[in-house]
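The values are calculated or read from the model by the stated rules, or taken from the named source; none is laboratory data. The structure presented is a predicted model; accordingly, all values stated were derived computationally and were not measured. Every residue, glycine among them, receives a Cβ derived from its backbone with ideal geometry; neighbour counts consider all protein chains shown.
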Amino acid sequence: MPTALVVDPRPPAGAGDDRPIALFDSGFGGLTVARAVIDLLPEENTVYVGDTGRYPYGSRPLEEVADFAHQITRHLVDDLGAKLVIVACNTAAAAALGALRAAAGVPVVGVIEPGARSLVAATRSGRIGVIGTVGTVGSGAYQKAVAATGAPVELTAAACPGFVEFVERDETRSEQVHVLAERLLAPIVTADVDTLLLGCTHYPYLARTISDVMGRDVVLVSSADETAFEVRHLLGAEGGPAARAPGGEAPVRRFLSSGDVDWFRDLGSRLLGPELATVERAPWG
Ligand code: DGL
């Protein structure tokens, strides 16, 4: 009996490979990372899943979030042909990054290590803070990632339940969210940090409110840019794939939501920009 030769039909990840870069989040938050990826690698095709039908992730058990993350990653790789998956959600990365890397069959990038690197690079005093969902902060993932950098810093972490819901309903500057921020950020203010990592990809949309509470001297850091640089490094695509001819076809930008696709398009296009023009329904939505 002849031995079957198994040939992977896909080209290797890297320059000239036009399979999409995939990102997913519980909802709109990962669009902060998508913005950075599109800006740094404008010629790459992208596909984004916002699991708005099941958000928020931050208050769910991590095992349940891990199941969602595996389901979405399988869909992105097996059905949508992703060449690399960005877990653009701290809670999902805290719940499942290692297992996703083992199972996905393509490179998987999280937001926690890039965020921790940006945080320790930005501090001057060594007193740093991180805020995130209950799931992320409770997992200890940031405490571990910051310790792994070896930087001599003192980290204060605080969970901010409720922030994600304000972003998802497009209420980022109301009096109510300001009052909530004053209460939830109090331990970070008391710790006298000079740098604060927004350890939930939704929080950059609340940056103005968070900055009003923290004061202008505190530097706010997000993981979006550093994550995009890590993706570029992994793809070895300094400047994007060489395959796209000047003036040729525009990159394909797909967006899927498991919730209300009209709301995803309306708010998503305001948050991300004109690239988010149409939204498809995710198959489990
Ligand atoms: N953007 C997600 C994160 O970074 C929010 C999680 C949620 O849905 O609560 O953790």
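What to note about this one:
- When V167 is tested against (1) of a type in the set (A, V, I, L, M, F, W, C); (2) in a helix (DSSP H, G or I); (3) within 16 Å of the ligand (Cβ to nearest atom); (4) in contact with a strand residue (DSSP E or B) (Cβ under 6 Å, 6 or more places away or on another chain), exactly one condition is not met: (4).
- Boolean, L23 is within 15 Å of the ligand (Cβ to nearest atom), under 30 Å from A191 (Cα atoms) and not small (G, A, S): no
- Selection count where residues are within 16 Å of the ligand (Cβ to nearest atom) and either part of a strand (DSSP E or B) or over 13 Å from the mean Cα position of the chain (by Cα) (or both), scope region 183-204: 4
- Test: residue in region 111-123 that is surrounded by 15 or more Cβ atoms within 10 Å (Cβ to Cβ), within 16 Å of the ligand (Cβ to nearest atom), more than 30 Å from D78 (Cβ to Cβ) and more than 14 Å from the chain's Cα centre (by Cα): yes
- Scanning region 47-82 for residues that are assigned to a strand (DSSP E or B) and within 12 Å of the ligand (Cβ to nearest atom) gives a single hit, G50.
- Here T123 fulfils each of the conditions (1) closer than 19 Å to P56 by Cα; (2) out of contact with any Phe, Trp or Tyr (no Cβ under 9 Å at 6 or more places or on another chain) apart from (1).
- Hey, V134 crowded, with 24+ Cβ neighbours inside 10 Å, over 16 Å from the mean Cα position of the chain (by Cα) and either within 16 Å of the ligand (Cβ to nearest atom) or at pLDDT 95 or above (or both) or not: no
- Conditions (1) over 13 Å from C200 (Cβ atoms); (2) not in a strand (DSSP E or B): number failed by A92: (1)
- Tabulated pairs, region 182-203, first free of Cβ contacts under 8 Å to residues at least 40 places away in the same chain, second within 16 Å of the ligand (Cβ to nearest atom), C-beta under 8 angstrom, 6+ apart or interchain: P187/A158
- Any hit, region 83-106, residues being in contact (Cβ under 8 Å) with a residue 12 or more places away in the chain, away from the ligand (no atom under 14 Å from the Cβ) and under 13 Å from T227 (Cβ atoms): yes
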